[in-house]
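Notes follow once the structure below has been shown.
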Amino acid sequence: MTGTPILSTHALNGGYGDFQALFGIDMELHEGEVISLIGANGAGKSTFLKSVFGLLPVAPEMVRYDGEAVGGTPAHRMVRRGIAMVPEGRRLFVGMTVEENMRVAIDNARLPEDEGQWTRERLFELFPILREKRRQPIEDLSGGQQQMVAISRALLCQPRVLLCDEISLGLAPKVIREIYAILPEITAAGTSIVLVEQDVSLAREASNRLYCMLEGRITLTGASNDISRDDIAAAYFGAS
Ligand code: ATP
């Protein structure tokens, strides 16, 4: 691809203390793109997103965003600069209402509310059920509805880059389709997306390009349409 990526990583190494989970990851996300990171359990996909988002330590030059080295910048500052994350497992706050959960990230990052294109009103149009349930405790919502809250919470930060960690996990196929159907609206609004996804078919359909990860390394990358199922299987499981 040509042009400067909005987000890129450069020989990114990362992990937990002495345990290295990522080995020299090079990744590029261009404006308007959706890329998917696929791979088996424990391949390092979540660790990668956390490393990009400033939740795990990395050197500044390992992550570039909008032309600047930002590796290791704390997450709340990443949010202010235009990167938001939908974390694995949603991480919503039990005992708080839907609307309170939606506001958590903008409050944390001290961002203004309802400025920019992702207003609460627009999100309620996108997910009408959330308007209905806005004053209910989050635990009263189904898994799919909670995922909508987690996505809304991130979008209220007006991100230029959205990092999504397994947003389909544990959801019924119908709900997954409903949630994935909004991704084109998000990119049309100017937000580029990194998807971590275990469902390879879903990842291929939803993204322009795929990265396949195995044991902390990228084993395959290319346009989603061009990569064959056999190539993916080999890259996924390490078969030769
Ligand atoms: P999953 O689909 O299961 O989330 P993943 O591809 O996202 O898999 P990671 O969660 O990034 O994989 O895990 C990569 C490696 O890092 C694994 O070996 C895992 O055991 C290890 N790991 C993950 N979280 C921690 C942690 N908090 N402390 C130590 N090691 C961890």
Scan the range 110-121 and give yes if some residue there is closer than 22 Å to residue 206 by Cβ and in contact with a helix residue (DSSP H, G or I) (Cβ under 8 Å, 6 or more places away or on another chain), otherwise no.
yes
Scanning the range 5-15 residue by residue, those out of contact with any Ser or Thr (no Cβ under 8 Å at 6 or more places or on another chain) and within 13 Å of the ligand (Cβ to nearest atom) turn out to be 13
Provide a single number: the residues in the range 151-180 that are under 30 Å from residue 64 (Cα atoms) and within 16 Å of the ligand (Cβ to nearest atom).
7
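Here's a check for you: in the range 77-95, which residue that is modelled with pLDDT under 90 and more than 15 Å from the chain's Cα centre (by Cα) is farthest from residue 162 (Cα to Cα)? Walk me through it before giving the result.
So the first thing to find is which residues in the range 77-95 are modelled with pLDDT under 90, and the list is 87-95.
Adding the requirement that they be more than 15 Å from the chain's Cα centre (by Cα) leaves 92-95.
Values: 92: 17, 93: 20, 94: 24, 95: 26 Å.
So the residue we want is 95.
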Every residue from the range 16-60 that is within 16 Å of the ligand (Cβ to nearest atom), surrounded by fewer than 18 Cβ atoms within 10 Å (Cβ to Cβ), part of a strand (DSSP E or B) and touching a residue at least 60 places away in the same chain (Cβ under 8 Å)
20, 23, 24
Might you let me know whether the range 73-88 holds any residue that is within 16 Å of the ligand (Cβ to nearest atom) and of a type in the set (Val, Ile, Thr)?
yes
Within the range 122-168, residues being buried (at least 23 other Cβ atoms within 10 Å of the Cβ) and of a type in the set (Asp, Glu) number 1
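Counting residues that are more than 21 Å from residue 146 (Cα to Cα) and in contact (Cβ under 8 Å) with a residue 24 or more places away in the chain, which helices (runs of 4 or more DSSP H) fully inside the range 171-240 reach at least 1? Before the answer, list the steps.
Numbers: elements: 173-180, 183-188, 200-206, 229-237.
Counting at least 1 such residues, we get 183-188, 200-206, 229-237.
The values are calculated or read from the model by the stated rules, or taken from the named source; none is laboratory data. Everything quoted here is computed from the prediction, not taken from an experiment. Cβ atoms come from the backbone with ideal geometry, glycine included; neighbour counts cover every protein chain shown.
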